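What follows is a set of notes on a single structure, which appears directly below.
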Amino acid sequence: MSDIVLAGVSVAYDGEPVVRDLDLTVASGEWLALIGPNGAGKTTILRAIARLVSFRGEIRIGGRAVTELSSRDVARKVAVLVQEPQMPAGMTVAQYVLLGRAPHLGYLGKESSRDRRIVRDVVRRLALEELASRPLDRLSGGERQRAAIARALAQQAPVLLIDEPTSSLDVGRQQSVLELIDQLRKEQELTVIAAMHELTLAGQYADRLALLVGGRLAAIGSAAEVLTEPAIAEHYRAQVKVIQMNGSGTAVVPVRN
Ligand code: ATP
């Protein structure tokens, strides 16, 4: 079980509150999209769950408070895909993806044939085979992003936290990466929390959307409940048309007057 419960969670940077008294429950195997304007606190919530920033209140994963877990336990439970991952210069894609196995390696830090099989599998699923021996600093932005996704998936943690999974990807790769995450979610009962700016994609892939504004929850629910023209106009100051597409989700289309 990898359900996630946030109870009264607040985060401040230099005394400035950016997440305020947040209550949120994400079921095991659920995909929750965190949406909201720039600076709303989406990344900070992901960082708090992964214990990368200190917080007030309580965060539990599978019933255990994250503050009581060792760093290795957190790394085994939670894979985090940040917006601009640091990538060691000179390392190849395959070596980098193998880093995702680090929380599982034994005392001597030597990978097993199982670790290598898992790496080969995610490299294949992300269509990175041809790039596997290429150094990371000789990849395009989108290729680097796919390598980062592969590393996070190789970690095989039951909770996947993603900051903007598709920001550098072309539309085809956006769809294939989100499909892959969704497929793995179903196969492995991954719990996914993803900060997403692409509202149409958020509505298509997430079970529920949580709209954050100024560190507080302004709305939570299905795409049809949260992605409304008045809410997007109010909170994003954006003019959009929201279109319900017979069985294919909710499309949010910018409108120019
Ligand atoms: P975006 O959509 O732009 O990625 P976000 O919703 O993910 O934004 P956060 O990155 O969580 O927002 O930032 C929330 C607030 O906290 C912002 O006002 C930001 O300037 C501030 N902030 C983020 N990181 C730090 C930091 N390390 N020190 C001080 N303030 C920070």
**Message:** So for the stretch 150-170 (the condition being surrounded by 19 or more Cβ atoms within 10 Å (Cβ to Cβ), outside any loop (DSSP other than H, G, I, E, B) and not hydrophobic (A, V, I, L, M, F, W, C)), does at least one residue qualify?
**Reply:** yes
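Of all residues in the stretch 15-28, which are in contact with a Gly (Cβ under 8 Å, 6 or more places away or on another chain) and near the ligand (Cβ under 8 Å from one of its atoms)? I'd like the intermediate steps shown before the answer.
First, the residues of the stretch 15-28 that are in contact with a Gly (Cβ under 8 Å, 6 or more places away or on another chain): 17-23, 28.
Listed by number, the residues that qualify are Val18, Val19.
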**Message:** Looking at Ile181, Ile232, Ile193, Ile220, can you tell me which residue is modelled with pLDDT under 95 and touching a strand residue (DSSP E or B) at 6+ places or on another chain (Cβ under 8 Å)?
**Reply:** Ile181
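Tell me the strands (runs of 3 or more DSSP E) entirely within the stretch 182-257 that contain at least 3 residues that are in contact (Cβ under 8 Å) with a residue 60 or more places away in the chain, of a type outside the set (Asp, Glu) and surrounded by 13 or more Cβ atoms within 10 Å (Cβ to Cβ). It would help to see each step written out before you state the result.
Working: elements: 191-195, 208-213, 216-221, 240-244, 250-254.
The qualifying strands (runs of 3 or more DSSP E) are 191-195, 208-213, 216-221.
Closer than 29 Å to Tyr236 by Cβ, within 16 Å of the ligand (Cβ to nearest atom) and among the hydrophobic types (A, V, I, L, M, F, W, C), is that true of Val5?
no
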**Request:** Working only within the stretch 199-223, note down all residues that are out of contact with any helix residue (DSSP H, G or I) (no Cβ under 7 Å at 6 or more places or on another chain) and over 17 Å from Glu30 (Cα atoms).
**Result:** Leu199, Thr200, Gly214, Gly215, Arg216, Leu217
**Asked** How do the pairs read when you match residues in the stretch 40-66 that are touching a residue at least 60 places away in the same chain (Cβ under 8 Å) with residues anywhere that are among the acidic types (Asp, Glu), using Cβ under 7 Å and keeping only pairs 6 or more apart or on different chains?
**Response** Thr43/Asp163; Leu46/Asp163; Gly62/Asp3
**Asked** Would it be correct to say that Ala12 is more than 16 Å from the ligand (Cβ to nearest atom) and over 15 Å from the mean Cα position of the chain (by Cα)?
**Response** no
**Prompt:** From the residues in the stretch 119-160 that are farther than 17 Å from Leu99 by Cβ and touching a strand residue (DSSP E or B) at 6+ places or on another chain (Cβ under 9 Å), which one is modelled with the highest pLDDT?
**Reply:** Val159
**Fill in**
The one condition Glu179 fails out of (1) in contact (Cβ under 8 Å) with a residue 24 or more places away in the chain; (2) out of contact with any helix residue (DSSP H, G or I) (no Cβ under 6 Å at 6 or more places or on another chain); (3) in a helix (DSSP H, G or I) is (1)
**Request:** Show the residue pairs that are 6+ apart or on different chains and have beta-carbon atoms under 7 Å apart, the first residue being within the stretch 85-103 and more than 18 Å from Val159 (Cα to Cα), the second being among the aliphatic types (A, V, I, L, M) and at pLDDT below 90.
**Result:** Tyr96/Met87
**Request:** Tell me which residues, restricted to the stretch 184-198, are more than 16 Å from the ligand (Cβ to nearest atom), within 13 Å of the chain's Cα centre (by Cα) and hydrophobic (A, V, I, L, M, F, W, C).
**Result:** Leu190, Val192
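Out of Leu178, Leu161, Leu153, Leu201, I need the residue that is within 16 Å of the ligand (Cβ to nearest atom) and under 13 Å from the mean Cα position of the chain (by Cα). Which one? Give the steps one after another, and end with the answer.
Details: Leu178 fails: within 16 Å of the ligand (Cβ to nearest atom); Leu153 fails: within 16 Å of the ligand (Cβ to nearest atom); Leu201 fails: under 13 Å from the mean Cα position of the chain (by Cα).
Among Leu178, Leu161, Leu153, Leu201, only Leu161 is within 16 Å of the ligand (Cβ to nearest atom) and under 13 Å from the mean Cα position of the chain (by Cα).
The values are calculated or read from the model by the stated rules, or taken from the named source; none is laboratory data. Model, not experiment: these values are computed from the prediction. Note that we place each Cβ from the backbone using ideal geometry, even for glycine, and neighbour counts take in every protein chain shown.
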